[in-house]
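One structure is given below, encoded as structure tokens.
The values are calculated or read from the model by the stated rules, or taken from the named source; none is laboratory data. These figures come from a predicted structure and were not determined experimentally. Positions of Cβ are backbone-derived with ideal geometry, glycine not excepted, and every protein chain shown enters the neighbour counts.
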Amino acid sequence: MDQLTGITWVAEHFIGMFNEGGKTFVGFVTGIIPTLVVLLTAFYAVTSLIGEDRVHNAARWAGKYALTRYSLLPLLAVFFLTNPMAYTFGVFLEEKHKPAFYDAAVSFVHPSTGLFPHTNPGELFVWLGVAAGITTLQTAGNPALTFTVTDLAVAYFFVGLLVITLKGIVTERITAILAKRQGVEL
Amino acid sequence: MAKKYKAVRVEQGRGGWGGPLVILPTPERDKIVAITGGGIPAEAKRLAELTGATVIDGFKAPPVESEICAVVIDCGGTARCGVYPRKRIPTINLTPVGQSGPLAQFITEDIYVSGVKAQNMKLADGSEPVTVGFDSKEKPMAKQAARPAPAADGSGSGALVDIITSIGRVMGKVVNILFNSGRRSVDQVIRNVIPFMAFVTMMIGIINYTGIGNGLAHLMEPLAGNIVGLLILSAICGIPFLSPILGPGAVIAQVIGAAIIGPAIGTGAIAPAMALPALFAYNTQVGCDFVPVGLALGEAKPETIQIGVPAVLISRQIMGPVSVLIAYAASYLL
Amino acid sequence: MTTLYHTKISEVGAEAPDMLLGGVLILFKLGAPPELAEVSVLHEPHEKIGSAPKPGDMLSIGKLNLKITAVGDTAWKKVADLGHVVINFNAATHAERPGEICVEARHADEVAKALTPGAAIEFRG
């Protein structure tokens, strides 16, 4: 009899482990997917309606100035071309600016997903994981929480934008130093 | 001096496909071209007669493409019935075949009609938009503007037809874009988002149920629960020989976010104020695996890639912790 | 075997190789409109034309010999009128489209190699 209880115990907990996962899955599917599908559709439509030509013109302009080169240009690239095609906007830049632009653009493909999930739908959980944690606190009405998920998404976006600008400027500098040390003209 | 042209509606015949097309010649595009061989077929003559256009034999005297109003072909299903729709020239096929052959994608109902006999052609009543033949590279609206208002017979239906045409075309284009966007988003969700959810939820299930989660959270707490820990975490993720290994597919960042830090915030093991700096800390390595490819996508020269890779990795080592600090400062504003 | 149709390739259209990748070869007599020439192989046939080929007859393109598996209803008439026919490399025993002649399957590269200006194309029955 004891043996049987042992087996039952193992079986129960074995399946329990997956039931727990299943519950989380249902939560994700009903909580995330409906809005995500609609949101993705809207953003894909907006990007197609605005059209490539207009975006290219804006990109060419943004590539000229140090300040916009690592903020506005990556933003345009990530928003309109999404990961990984965003990096093709490097073609609008001089060689010496390309590594810095890549660094800025790639560092923005997650901070942008909180507000614009279409930019990187394959890697949403970098953001969604933490967002889910905040949502749990929010629904539980936890007093330790002083902000909402949306607040966090907005902050992630703008801090991301500030960070990539700095990253771009620093990487541009480092690229110049390395090129000089190796005696290469970029 | 402008000739009077009339719009003619061409319907598909028995067993045919596509259409109806409304053919209206303009002073620039006033040739109905028969590309059938063995002389001009009666149907092409009839169409020319009804519209007021000139009919010519495309094999005897091929006109320049920009003068063609419509072509009449008797194609068995491969070459001619694809070539002309591809050029967006209204195509009337006397043989009843539908979309086929290597150019099938260009054979669409708005530019192609088949199985047509003389009795399938009638003067249009102005209730339908004119089928406008334009090169696919040209902007349809520009073409519309460049074309003089066609002279209508007796009534003002020509201008109306034009307005309806442009509204119809814009609507069609918009609906098409929206539909494609929907398809793309569902595709993304099914191919990328749901598979990742399945994988992450399985991990979460195991971690939570077995209590490993609590253990991990406790383990991560000194690293993820305070700013000093996050700075160390970021510095580790940014080590130049480690960051390219941690990068691929953002899998590690996603697992840490979704299976460890997220739940730990949810249970209160990690303070919500740490959420923003944590997002930057465990993702310090983002894209470090992809630098050469990313640079190549931007058409960087080999020398640039050679210098760019170490430049990005070194910059990351410095800027990773700096980003965390900025995010930490910003989290006070929340 | 008698020769039913003999012709010499004069020009290979820029997009003809793409059509080969799509499984078909399009022939037109020299003088076809430019839109068609782009996707076709242009050729200059002999005046004489025999009766329509039947399944089992042969088609040769340069050194390449292919067995004909099906002939569409109107295909031969177009050969006579326009020097136009679509060769489909699908080995079908029934021509799905009236204007095509089906032959045994071959790799597009192999056919593309045989298509050089000056090479002969021949139907034999």
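Test each condition in (1) in contact (Cβ under 8 Å) with a residue 60 or more places away in the chain; (2) more than 7 Å from chain A (Cβ to nearest Cβ) for B:Tyr332 and report the one that comes out false.
Unmet condition: (1).
Filter the stretch A:31-56 down to the residues that are over 30 Å from A:Ile134 (Cα atoms) and surrounded by fewer than 18 Cβ atoms within 10 Å (Cβ to Cβ), then identify the one that is nearest to the other protein chains (Cβ to nearest Cβ).
A:Leu49
Which ones in the stretch A:1-30 are farther than 30 Å from A:Asn120 by Cβ and facing another protein chain (nearest Cβ under 8 Å)?
Passing the criteria: A:His13, A:Gly16, A:Met17, A:Asn19.
If you go through the stretch C:87-102 one residue at a time, do you hit one that is within 13 Å of chain B (Cβ to nearest Cβ), within 23 Å of C:Met1 (Cα to Cα) and of a type in the set (Asp, Glu)?
Yes, that holds for at least one residue.
Answer yes or no as to whether A:Val106 is closer than 27 Å to B:Gly247 by Cβ, surrounded by 20 or more Cβ atoms within 10 Å (Cβ to Cβ) and of a type in the set (Val, Ile, Thr).
Yes, satisfied.
Has the stretch A:121-136 got any residue that is part of a helix (DSSP H, G or I), of a type outside the set (A, V, I, L, M, F, W, C) and more than 9 Å from chain B (Cβ to nearest Cβ)?
Scanning the stretch A:121-136, I find no residue that is part of a helix (DSSP H, G or I), of a type outside the set (A, V, I, L, M, F, W, C) and more than 9 Å from chain B (Cβ to nearest Cβ), so the answer is no.
Can you confirm whether B:Glu138 is of a type in the set (D, E, K, R), at pLDDT below 75 and not in a helix (DSSP H, G or I)? Show your work before the answer.
Working: of a type in the set (D, E, K, R): yes; at pLDDT below 75: yes; not in a helix (DSSP H, G or I): yes.
When the stated conditions are applied, B:Glu138 passes them.
Quick one: what pairs do we get from the stretch C:29-50, first residue modelled with pLDDT under 85, second in a helix (DSSP H, G or I) and of a type in the set (Phe, Trp, Tyr), C-beta under 6 Å, 6+ apart or different chains?
Filtered contacts from the stretch C:29-50: no entries.
What are the residue pairs meeting all of these: first residue in the stretch B:301-313, first residue among the β-branched types (Val, Ile, Thr), second residue not in a helix (DSSP H, G or I), Cβ atoms under 6 Å, and 6 or more apart or on different chains?
B:Thr304/A:Leu186
Restricting to the stretch A:4-61, what's the tally of residues that are without any contact (Cβ under 8 Å) to a residue 60 or more places away in the chain, hydroxyl-bearing (Ser, Thr, Tyr) and more than 18 Å from A:Val149 (Cβ to Cβ)?
The number of residues fulfilling the criteria is 4.
A quick yes/no check of all residues on (1) outside any helix (DSSP H, G or I); (2) charged (D, E, K, R); (3) crowded, with 23+ Cβ neighbours inside 10 Å; (4) at the interface with chain A (Cβ under 9 Å from one of its Cβ atoms):
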| site | (1), (2), (3), (4) |
| --- | --- |
| B:Arg191 | no, yes, no, yes |
| B:Ile194 | no, no, no, yes |
| B:Val200 | no, no, yes, yes |
| B:Ile204 | no, no, yes, yes |
| B:Asn208 | no, no, no, yes |
| B:Met220 | no, no, no, no |
| B:Ile239 | yes, no, no, no |
| B:Ala253 | no, no, yes, yes |
| B:Ala258 | no, no, yes, yes |
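For A:Asn142, only one of the following conditions fails: (1) in a helix (DSSP H, G or I); (2) surrounded by fewer than 22 Cβ atoms within 10 Å (Cβ to Cβ). What is its number?
Failed condition: (1).
With the checklist (1) at pLDDT below 85; (2) charged (D, E, K, R); (3) part of a strand (DSSP E or B) in hand, flag the one item C:Glu11 doesn't pass.
Every condition holds for C:Glu11 apart from (1).
Might you check whether a residue that is under 26 Å from B:Asn214 (Cα atoms) and part of a loop (DSSP other than H, G, I, E, B) occurs anywhere in the stretch B:291-305?
Within the stretch B:291-305, not a single residue is under 26 Å from B:Asn214 (Cα atoms) and part of a loop (DSSP other than H, G, I, E, B).
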